[in-house]
Amino acid sequence: MSSRDGEAELLVASSDATFARLGADVIRGIWDDCPGGATILATGWTPIPVFRELAARHTRGELSTPQCPIVQLDEYVGVEDSDPRSLYAWLDREFLTPLEIDASSVIRLRGTTADSEEECSRFEAAVAAVGGLHLAVLGLGPNGHVGFNEPPSGPTARTRVVPLSPESMASNARYWNGAEVPVEGITAGLDLLLAADVVVLLVAGAHKREILRRSVAGPESPEVPASYLRRVSRLIIVADDDAAAGLTPEEIGSRHQPRI
Ligand code: PGA
């Protein structure tokens with residue numbers, strides 16, 4: 001890794017249950033170390049088992065409601081909160097409600113405002129007002145996107161509206177049950193995500209293996225927006241066996257590769 005790179009860790013889970021537990025342990029540990037640090041969270045399939053594990057711990061009384069500001073990562077343009085397929089509805093269903101987080105305390109990024117530029121500026125100012133992001137929990141798009149920072153997105157890409165790539169639309173089609181997939185998204189900028197103190201990248205499945213390798217072991221490129229995640233102060237990759245197969249700690253500059 002070059003000198004501008006931070007610390008990277010690769011944690012490999014040997015089963016689905018371990019993936020959920022490991023992801024939850026990592027996130028909980030970061031919250032415990034910095035209880036007020038703003039946390040931005042991805043939706044999509046990959047984080048769901050981790051969120052459910054956090055929710056189960058909360059229900060059992062083992063985890064209290066996080067006290068940190070929660071920040072929305074992205075949204076489809078033109079899709080209302082009341083649509084169960086909106087990304088906010090996912091976040092609410094899988095994370096906010098189970099962990100009893102008051103929706104009014106969430107820093108929103110809405111896809112239905114009349115003026116999206118104003119929405120992006122308001123969002124950036126609201127994140128800055130809470131001291132920037134402490135933790136970013138991200139998934140990895142099949143084309144290397146993070147949030148809706150679609151290729152090409154460089155490290156200075158701001159919070160903005162983006163046309164969704166054909167790969168993302170194809171990947172998202174499974175959430176839309178044959179209905180027309182939205183063609184635009186609004187996303188927190190890569191600039192903001194790269195400034196987080198800690199990024200936890202959750203990656204599962206053999207279909208993510210190649211893009212994970214390109215993201216963490218290939219050259220930095222706007223064509224693989226996730227390749228810039230190696231610049232963050234602390235990157236923790238939680239992957240399952242299928243996604244991490246063949247990836248060595250040396251390739252990502254990690255000193256340790258616990259397989260749990
Ligand atoms: P997934 O989505 O977790 O549903 O695979 C990841 C992404 O597209 O960011």
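The values are calculated or read from the model by the stated rules, or taken from the named source; none is laboratory data. Quick caveat, the model's predicted, so the values are computed rather than measured. Glycine also receives a Cβ, built like all others from the backbone with ideal geometry; neighbour counts cover every protein chain displayed.
Among the listed residues Val106, Val203, which satisfies the condition of being β-branched (Val, Ile, Thr), surrounded by 18 or more Cβ atoms within 10 Å (Cβ to Cβ), within 16 Å of the ligand (Cβ to nearest atom) and at pLDDT 95 or above?
Going through Val106, Val203 in turn, just one is β-branched (Val, Ile, Thr), surrounded by 18 or more Cβ atoms within 10 Å (Cβ to Cβ), within 16 Å of the ligand (Cβ to nearest atom) and at pLDDT 95 or above: Val203.
Suppose the filter is surrounded by fewer than 19 Cβ atoms within 10 Å (Cβ to Cβ), over 20 Å from the mean Cα position of the chain (by Cα), of a type in the set (A, V, I, L, M) and closer than 30 Å to Glu180 by Cα; does Ala114 pass it?
Answer is yes for this residue.
From Val146, Val130, Val137, which residue is among the hydrophobic types (A, V, I, L, M, F, W, C), touching a Pro at 6+ places or on another chain (Cβ under 6 Å) and within 16 Å of the ligand (Cβ to nearest atom)?
Val146
For Gly37, are the conditions met, namely being touching a His at 6+ places or on another chain (Cβ under 9 Å) and surrounded by 15 or more Cβ atoms within 10 Å (Cβ to Cβ)?
Against the criterion (touching a His at 6+ places or on another chain (Cβ under 9 Å) and surrounded by 15 or more Cβ atoms within 10 Å (Cβ to Cβ)), Gly37 qualifies.
Across the range 9-56, which residue is modelled with the lowest pLDDT among those that are small (Gly, Ala, Ser) and not in a helix (DSSP H, G or I)?
Only one residue fits best here, namely Gly44.
Where the second residue is basic (Lys, Arg) and in a strand (DSSP E or B) and the first is touching a residue at least 24 places away in the same chain (Cβ under 8 Å) and lies in the range 120-139, which pairs have Cβ atoms under 8 Å and are six or more apart or on separate chains?
Cys120/Arg160
Give the residue that is modelled with the lowest pLDDT, with candidates limited to residues of the range 225-260 that are surrounded by fewer than 22 Cβ atoms within 10 Å (Cβ to Cβ) and part of a strand (DSSP E or B).
Result: Arg259.
Which of the numbered conditions does Arg209 fail, given that it passes all the others? Conditions: (1) over 24 Å from Ala8 (Cα atoms); (2) part of a helix (DSSP H, G or I); (3) more than 12 Å from the ligand (Cβ to nearest atom); (4) not β-branched (Val, Ile, Thr).
Condition not satisfied by Arg209: (1).
Could you pull out the residue among Glu7, Glu62, Glu75 that is touching a Leu at 6+ places or on another chain (Cβ under 9 Å) and more than 22 Å from Ala103 (Cβ to Cβ)?
Among Glu7, Glu62, Glu75, only Glu7 is touching a Leu at 6+ places or on another chain (Cβ under 9 Å) and more than 22 Å from Ala103 (Cβ to Cβ).
Applying the selection to the range 143-182, what residues are surrounded by fewer than 16 Cβ atoms within 10 Å (Cβ to Cβ), touching a helix residue (DSSP H, G or I) at 6+ places or on another chain (Cβ under 8 Å) and either at pLDDT below 95 or charged (D, E, K, R) (or both)?
Within the range 143-182, just Arg158 meets the criteria.
Quick one: what pairs do we get from the range 204-221, first residue among the polar types (S, T, N, Q), second within 16 Å of the ligand (Cβ to nearest atom) and at pLDDT 95 or above, C-beta under 7 Å, 6+ apart or different chains?
The qualifying pairs are Ser215/Leu140; Ser215/Gly144; Ser215/Val224; Ser215/Ala226; Ser215/Ser227; Ser215/Leu229; Ser221/Ser227.
Within the range 75-95, track down each residue that is under 12 Å from Arg110 (Cβ atoms) and part of a helix (DSSP H, G or I).
Selection gives Leu87, Tyr88.
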